[in-house]
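One structure is given here, and the rest of the page talks about it.
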Amino acid sequence: MRFNRLLSVALFVCAATGVSSFSVTSSNPDVKVKENEGVDLTCSYSADFGADARVEWKFKDMKGSQTYIVYDKKITAPYASRVEMFGNNLRFSKVTRNDNGVYDCEVSGNGQFRETRVKLTVLVPPSAPVCRVPTSVTTGKKALLSCFDKDGSPPPQYKWYKDGTLLPADPSKIAAFKNATYRLNQYTGNLEFPASKKMDTAEYYCEASNSAGPAQRCRAMRMEVRDMNTGGIVAGVIVALLLVGLLALGVWYANKKGYLPKKSER
């Protein structure tokens, strides 16, 4: 009797507050699978939606573009060759890196609408990253070293090495690097020297890694930090002044010899 009373009270509270038992869930909302393997994305809903509930699947890729996979109880054309629906679930015969993103299972019925989201991560090992290292930098000038891998999924994190020694992401926390002034972004792969010093001269290479496979690195490249060539600048200025002087002398001599037309002749 007491249980029945509690149940009645609970039902009354739900009705009074507008709480509904309509629900949509997935048994695995965070799916990880290797590229070119098959995978199932699951979706289930409560009986409140009725026997004729409408189930649709929508996909949003990493760039935010959306498309339907299941619409009006049919697999859409772009997925027809490798996706099938069993029950309310999606079954991929194989996935590619382009399938990375989120999948929404949308259920509507009896005047209600609910959805659940499944995140799919396609595991792809990184390839050798593309690295850019300036060969020559002037002391005190900014230097930017970049590193990027377009293949890895999930997106790789990056490490930089100087003469074979790993550069810590935060040099201020390591005693051996307390005088270092670089900034390293592990997520973009950028290594920046705001004001280059001679001590920054070295061979640099980058390493890309994720959870899908072994880390990959680019070949080492040397960056030289040199003082400004003030001697060369002074010599250049002197040469320029000499050329201007010679030009003026030439004009004066030509005018004196009558090689240039006079004002009246002009």
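The values are calculated or read from the model by the stated rules, or taken from the named source; none is laboratory data. Keep in mind that what you see is a predicted model, and the values were worked out from it rather than measured. No Cβ is skipped: glycine too gets one built from the backbone with ideal geometry, and neighbour counts run over all protein chains shown. Heavy atoms of the whole protein, side chains included, go into the accessibility calculation; ligands, DNA and RNA do not. Shrake-Rupley method; radii C 1.70, N 1.55, O 1.52, S 1.80 Å.
The table below gives the values:
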{"read-out": "Using a Förster distance of 25 Å, the FRET efficiency for Lys119-Arg54 (Cβ separation, nearest 0.05)", "value": "0.60"}
{"read-out": "Approximate spin-label separation Ser81-Asn185, in nm, with each point projected 7 Å along Cα-to-Cβ", "value": "3.8"}
{"read-out": "Tensor-based shape of region 87-177 (alpha-carbon gyration tensor, a/c under 1.5 rounded, otherwise prolate or oblate)", "value": "prolate"}
{"read-out": "Computed label-point distance, nm, for sites Leu241 and Thr201 using a 7 Å Cα→Cβ extension", "value": "3.1"}
{"read-out": "Counted charge near Gly140, where neighbours are those whose Cβ lies closer than 10 Å (Asp, Glu -1; Lys, Arg +1)", "value": "+2"}
{"read-out": "Whole-percent carbon and sulfur share, accessible surface of region 139-192, 1.4 Å", "value": "53"}
{"read-out": "Förster radius 22 Å - calculated FRET efficiency between Lys63 and Val130, Cβ distance, rounded to 0.05", "value": "0.60"}
{"read-out": "Total formal charge among the other residues, if their Cβ is under 10 angstrom from that of Pro125, Lys/Arg +1 and Asp/Glu -1", "value": "-2"}
{"read-out": "Ordering of 181-190, 66-75 by burial proxy (mean other Cβ atoms within 10 Å per residue, highest first)", "value": "181-190, 66-75"}
{"read-out": "Three-way shape call for region 122-173 based on the alpha-carbon gyration tensor, with the a/c threshold at 1.5", "value": "prolate"}
